[in-house]
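For reference, the structure discussed in these notes is given below.
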Amino acid sequence: MKIGVCLKQVPATDSRVVVNATANGIVTNDVKWEINPYDEYALEEGVRLKQSGKGTEVVIFTVGGADCEQRLRDALARGADRVVRIEDPALAGSDALGYARALGAAIKAEDIGLLLCGRQAVDGDNGAVPAMIAEVLGWSQVSWIDKLGVEGASFTANRAAGRGSKEVVTGTLPAVFTCDKGLNEPRMAKLPDIMAARKKAIVVKNLAALGLDAGAVAALVVEDAMSLPPARPAGRKLTGDAATVAHELVRLLREEAKVI
Amino acid sequence: MGILVLCDTDGGVPRKSAYELLGKAKALGLGTVTALVLGPADVSSLGGYGADAVLHYNNAALATYSTGATVKALANAVAATGAGYVLGSANQVGRDAFPRLAARLGAGLVVECTDLRSEGGKLVGRRPVYGGKALVDARVQSAVGLFTVRPNSFPIAAPTAATAAVTTGDGGVSASDIDVKVVQTLAPDSKQVDLTEADRIVAGGRSLKSKELFDSVVRPLAAAVHATPGASRAAVDAGLATHGDQVGQTGKVVNPSLYIALGISGAIQHLAGMRTSRVIVAVNKDADAPIFQFATYGYVGDLFEIAPLLQKEFEKILA
């Protein structure tokens with residue numbers, strides 16, 4: 001069974017956000033890019049499944065330009081076998097469903113049996129693409145897992161449910177899983193793996209190669225008026241010995257802020 | 001046209017988030033508001049909170065959440081009502097079923113809204129992106145638009161005496177639509193309110209040094225002020241607290257009335273997850289820590305000294 005992993009590059013989580021002139025995105029000139037943190041769990045899980053004999057190959061699927069190549073090489077160094085990178089001018093203005101249709105078509109062409117994704121990309125924070133891919137492919141899906149077991153064509157997973165509870169679920173492959181923190185500890189690439197990754201294949205496909213046209217990925221959602229959150233009013237520093245401050249703070253929380 | 005509101009229930013009773021969404025849907029003035037309830041529940045209160053009509057798919061196959069049955073029932077409800085918009089909570093159903101429904105219907109999806117407004121007869125959702133570092137307006141260009149809303153985004157008005165006619169049905173689903181089966185539910189590790197719904201949070205950073213100190217300083221203080229304990233990513237990565245405790249861009253995004261940050265410097269990714277807290281208290285040794293720029297009340301000093309004193313003060317008035 002081939003294992004698919006969806007990957008996206010996102011601005012590092014310690015990046016400051018600067019809104020662009022048209023207020024529909026951020027300024028990316030000085031952004032440091034990294035693999036979406038949740039996708040790292042997906043990648044690690046895929047590599048572990050392969051290493052435990054449950055999979056034959058780990059194939060990465062991504063939508064993006066050549067500028068994400070460094071992140072893809074990093075992922076290959078961490079154990080993935082090859083990459084299918086989808087690039088097409090029509091995808092620049094697309095949205096989650098357009099991405100899902102493109103990724104779904106690429107995944108279908110590869111005869112994948114199990115797809116792992118991050119629970120959300122920490123840029124748009126939509127968390128929508130994986131379930132949309134599952135619908136496009138007609139597969140089962142399990143969201144926000146922190147445990148996965150595969151036995152033949154069956155799986156057992158623990159997923160987040162309401163208010164901190166978890167559900168143990170079972171089902172049949174093929175299926176899409178979205179990975180949460182806690183699923184595993186992603187490995188760092190070692191030097192020999194980094195060298196070996198340079199020889200691994202990154203195949204680029206456009207929409208036509210996937211049997212899609214621009215209409216199939218036309219955006220249904222439009223975003224604008226991006227702004228930074230309002231600044232908080234200046235606060236107050238409390239000074240004095242710890243006992244006095246503790247007493248005064250609790251008084252302020254009760255009488256001034258009225259939160260206790 | 002009109003709005004279909006998927007109402008969360010808990011133990012057969014609508015949850016607060018359902019009333020919140022119904023009131024907002026009504027106020028938007030975008031047509032008939034139909035409350036949709038899946039599974040066995042008492043739906044009699046929904047008219048008082050803004051539902052013009054109630055559609056109740058009272059089917060045992062919908063009693064426990066499953067993607068397959070829920071998406072099918074939702075699609076059938078959209079077809080039955082001809083709704084132009086579907087609203088739901090940004091919870092398990094919102095994140096799991098709504099995207100799949102969007103793909104099935106070819107509908108635009110806008111998730112995790114913190115505000116909704118109507119503009120020229122169209123629904124606009126305001127939502128955080130980049131973990132709350134920015135906000136954006138989103139609208140759809142499809143016949144049907146799906147919007148999920150974060151709990152506690154809107155006030156709940158007192159119920160009126162209005163009632164709504166209830167249409168019942170089975171939603172067109174059966175047990176065979178449950179593709180992934182729940183075999184066991186695991187209760188949360190603690191009895192505390194989950195961070196995402198907590199009204200008070202006491203969070204600790206890497207400065208807590210060890211799990212033992214975290215457990216003996218942060219957790220008792222949290223208990224004293226009836227708060228849920230939380231942690232920074234640095235604290236979680238160092239093994240001081242669990243993944244479920246993490247607040248921030250790659251953890252939980254929280255929105256409490258009171259957030260007490262102990263030994264948290266305020267990394268950008270942490271601030272993104274808690275900056276909307278109404279009152280922020282920061283305790284840190286470093287007077288230049290970024291967290292102080294966000295704190296309503298700040299104290300430069302030793303957290304190990306003040307935490308037990310604070311705990312006693314809270315216990316005095318809240319015990």
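Put simply, of A:49, A:7 the only residue that is touching an Asp or Glu at 6+ places or on another chain (Cβ under 7 Å) and within 29 Å of residue A:191 (Cα to Cα) is A:7. Scanning region A:38-75 for residues that are farther than 25 Å from residue A:207 by Cβ and among the small types (Gly, Ala, Ser) yields A:46, A:52, A:53, A:55. Taking (1) part of a loop (DSSP other than H, G, I, E, B); (2) loosely packed, with under 15 Cβ neighbours inside 10 Å; (3) at the interface with chain B (Cβ under 7 Å from one of its Cβ atoms) in turn, residue A:237 satisfies each apart from (1). Looking at B:307, B:289, B:261, B:272, just one residue is without any contact (Cβ under 8 Å) to a residue 40 or more places away in the chain and not hydroxyl-bearing (Ser, Thr, Tyr), and that residue is B:289.
Based on what the data block shows, is residue B:61 touching a strand residue (DSSP E or B) at 6+ places or on another chain (Cβ under 9 Å) and in contact (Cβ under 8 Å) with a residue 24 or more places away in the chain? Spelling it out, it is not the case that residue B:61 is touching a strand residue (DSSP E or B) at 6+ places or on another chain (Cβ under 9 Å) and in contact (Cβ under 8 Å) with a residue 24 or more places away in the chain. Take region B:138-161 and flag every residue that is more than 14 Å from chain A (Cβ to nearest Cβ) and either exposed (fewer than 13 other Cβ atoms within 10 Å of the Cβ) or among the charged types (D, E, K, R) (or both). Scanning region B:138-161 gives B:155, B:158, B:160, B:161.
Conditions tested, residue by residue: (1) at pLDDT 95 or above; (2) in contact with a strand residue (DSSP E or B) (Cβ under 8 Å, 6 or more places away or on another chain); (3) of a type outside the set (Asp, Glu); (4) within 17 Å of residue A:125 (Cα to Cα).
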residue	(1), (2), (3), (4)
B:101	yes, yes, yes, no
B:106	yes, no, yes, no
B:132	no, no, yes, yes
B:135	yes, yes, yes, yes
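Residues that are within 14 Å of chain A (Cβ to nearest Cβ), within 14 Å of residue B:243 (Cα to Cα) and outside any helix (DSSP H, G or I) within region B:193-214 comprise just one, B:194. Residues in region B:240-261 that are touching a strand residue (DSSP E or B) at 6+ places or on another chain (Cβ under 7 Å), part of a loop (DSSP other than H, G, I, E, B) and within 10 Å of another protein chain (Cβ to nearest Cβ): B:256, B:257. Looking at B:81, B:64, B:9, B:70, can you tell me which residue is surrounded by fewer than 21 Cβ atoms within 10 Å (Cβ to Cβ), within 30 Å of residue A:218 (Cα to Cα) and hydroxyl-bearing (Ser, Thr, Tyr)? Result: B:81 is the single residue among B:81, B:64, B:9, B:70 that is surrounded by fewer than 21 Cβ atoms within 10 Å (Cβ to Cβ), within 30 Å of residue A:218 (Cα to Cα) and hydroxyl-bearing (Ser, Thr, Tyr). Sub-6 Å Cβ pairs linking a first residue in region B:139-167 that is assigned by TED's automatic domain parsing to the domain that holds residue B:88 and touching a residue at least 12 places away in the same chain (Cβ under 8 Å) to a second residue that is of a type in the set (Asp, Glu) and assigned to a strand (DSSP E or B), at least 6 apart or interchain, are B:150/B:112, ordered by first then second residue.
Only one of the numbered conditions (1) assigned to a loop (DSSP other than H, G, I, E, B); (2) on the phi < 0 side of the Ramachandran plot is not met by residue A:258, and that is (2). Taking residue A:209, is it within 11 Å of chain B (Cβ to nearest Cβ) and not β-branched (Val, Ile, Thr)? Against the criterion (within 11 Å of chain B (Cβ to nearest Cβ) and not β-branched (Val, Ile, Thr)), residue A:209 does not qualify. Consider region B:38-50 and keep the residues that are in a helix (DSSP H, G or I) and under 21 Å from the mean Cα position of the chain (by Cα). The one that is surrounded by the fewest Cβ atoms within 10 Å (Cβ to Cβ) is B:49. Just one residue in the set B:280, B:264, B:268 is of a type in the set (Val, Ile, Thr), buried (at least 24 other Cβ atoms within 10 Å of the Cβ), within 10 Å of chain A (Cβ to nearest Cβ) and under 23 Å from residue B:196 (Cβ atoms); that residue is B:280. Does region B:12-37 hold any residues that are among the small types (Gly, Ala, Ser), surrounded by fewer than 24 Cβ atoms within 10 Å (Cβ to Cβ) and within 10 Å of residue B:50 (Cβ to Cβ), and which are they? Those that are among the small types (Gly, Ala, Ser), surrounded by fewer than 24 Cβ atoms within 10 Å (Cβ to Cβ) and within 10 Å of residue B:50 (Cβ to Cβ): B:23, B:27. Across region A:158-195, the qualifying residues are those that are within 11 Å of chain B (Cβ to nearest Cβ) and acidic (Asp, Glu), and the one among them that is farthest from residue B:9 (Cα to Cα) is A:185. Report those strands (runs of 3 or more DSSP E) wholly inside region A:142-227 carrying at least 3 residues which are surrounded by fewer than 19 Cβ atoms within 10 Å (Cβ to Cβ) and not charged (D, E, K, R). Per the criteria, A:166-172, A:202-205, A:221-227.
Residue-level check: of (1) over 24 Å from residue B:114 (Cβ atoms); (2) within 11 Å of another protein chain (Cβ to nearest Cβ); (3) out of contact with any Pro (no Cβ under 8 Å at 6 or more places or on another chain); (4) part of a helix (DSSP H, G or I), residue B:298 misses just (4).
The values are calculated or read from the model by the stated rules, or taken from the named source; none is laboratory data. Quantities reported herein were computed from a predicted structural model and do not represent experimental measurements. In this analysis, Cβ positions are derived from the backbone assuming ideal geometry, glycine residues included, and neighbour counts consider all displayed protein chains.
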